[in-house]
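Shown next, in structure tokens, is the structure this report addresses.
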Amino acid sequence: MLAKDMERLVEKVTYKRGWTVYAFASDSAFLGDPYSLTLVLEAVVENSSRARYGQPVRAGDVKLVNTRNLETEEDALNEILNFIIEQEVHEAREFFKVGADYRAPFHPHTEEGKKNYESRKHNFEIH
């Protein structure tokens with residue numbers, strides 16, 4: 001699939017309120033690769049820090065996608081869905097707290113959280 005075809009597909013995707021997915025095909029930019037796509041997710045989520053817990057905050061991520069091996073629309077949609085799931089897991093890791101001290105054993109922004117999650121990530125499975 002050409003990146004510009006996936007870019008058009010991304011324009012049709014909706015997710016939950018406050019979450020936006022969009023894309024830029026690199027063939028229209030300076031890179032000129034017809035299979036290079038930049039996938040962007042922006043979301044308004046609740047803040048997970050204790051000082052500002054629950055207040056709205058903007059979050060997001062960017063992923064470079066090589067569309068060369070995406071043969072069908074479903075292949076491309078699966079790539080988009082997996083990108084969204086990765087961000088949802090990130091948010092879950094931020095909000096998952098234990099005990100009165102709100103310890104966050106899998107927090108994605110701490111070294112301990114990254115180490116704890118990465119060493120056990122193989123146990124994570126979505127059904």
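Among the candidates L81, L70, single out the residue that is under 19 Å from V40 (Cβ atoms) and either without any contact (Cβ under 8 Å) to a residue 40 or more places away in the chain or polar (S, T, N, Q) (or both).
On the way: L70 fails: either without any contact (Cβ under 8 Å) to a residue 40 or more places away in the chain or polar (S, T, N, Q) (or both).
One residue alone meets the criteria, L81.
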Test F106 against the stated conditions and say whether it is more than 16 Å from the chain's Cα centre (by Cα), surrounded by fewer than 18 Cβ atoms within 10 Å (Cβ to Cβ) and farther than 18 Å from A3 by Cβ. no
Are any residues in region 71-103 more than 19 Å from Y117 (Cα to Cα), assigned to a helix (DSSP H, G or I) and not aliphatic (A, V, I, L, M), and if so, which ones? E73, E74, D75, N78, E79
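Output the residue which, of all residues in region 29-70 that are part of a loop (DSSP other than H, G, I, E, B), farther than 25 Å from F106 by Cβ and in contact with a helix residue (DSSP H, G or I) (Cβ under 9 Å, 6 or more places away or on another chain), is modelled with the highest pLDDT.
Taking region 29-70 and keeping what is part of a loop (DSSP other than H, G, I, E, B), we get 29-35, 47-49, 53-55, 70.
From the residues that got through so far, the ones that are farther than 25 Å from F106 by Cβ too are 29-35, 70.
Filter again for in contact with a helix residue (DSSP H, G or I) (Cβ under 9 Å, 6 or more places away or on another chain), leaving 32-35, 70.
Values: G32: 73, D33: 83, P34: 89, Y35: 91, L70: 97.
Residue satisfying both the conditions and the ranking: L70.
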Can you tell me which residue in region 72-87 is surrounded by the fewest Cβ atoms within 10 Å (Cβ to Cβ), limited to those that are charged (D, E, K, R) and farther than 17 Å from S36 by Cβ? E74
Given the condition modelled with pLDDT of 95 or more, farther than 27 Å from K114 by Cα, in a helix (DSSP H, G or I) and of a type in the set (K, R), answer yes or no: does some residue in region 9-28 qualify? no
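The values are calculated or read from the model by the stated rules, or taken from the named source; none is laboratory data. Only a predicted model underlies this, so the values are computations on that prediction, with no experimental measurement involved. Cβ sites come from the backbone with ideal geometry, for glycine too, and all protein chains shown count toward neighbours.
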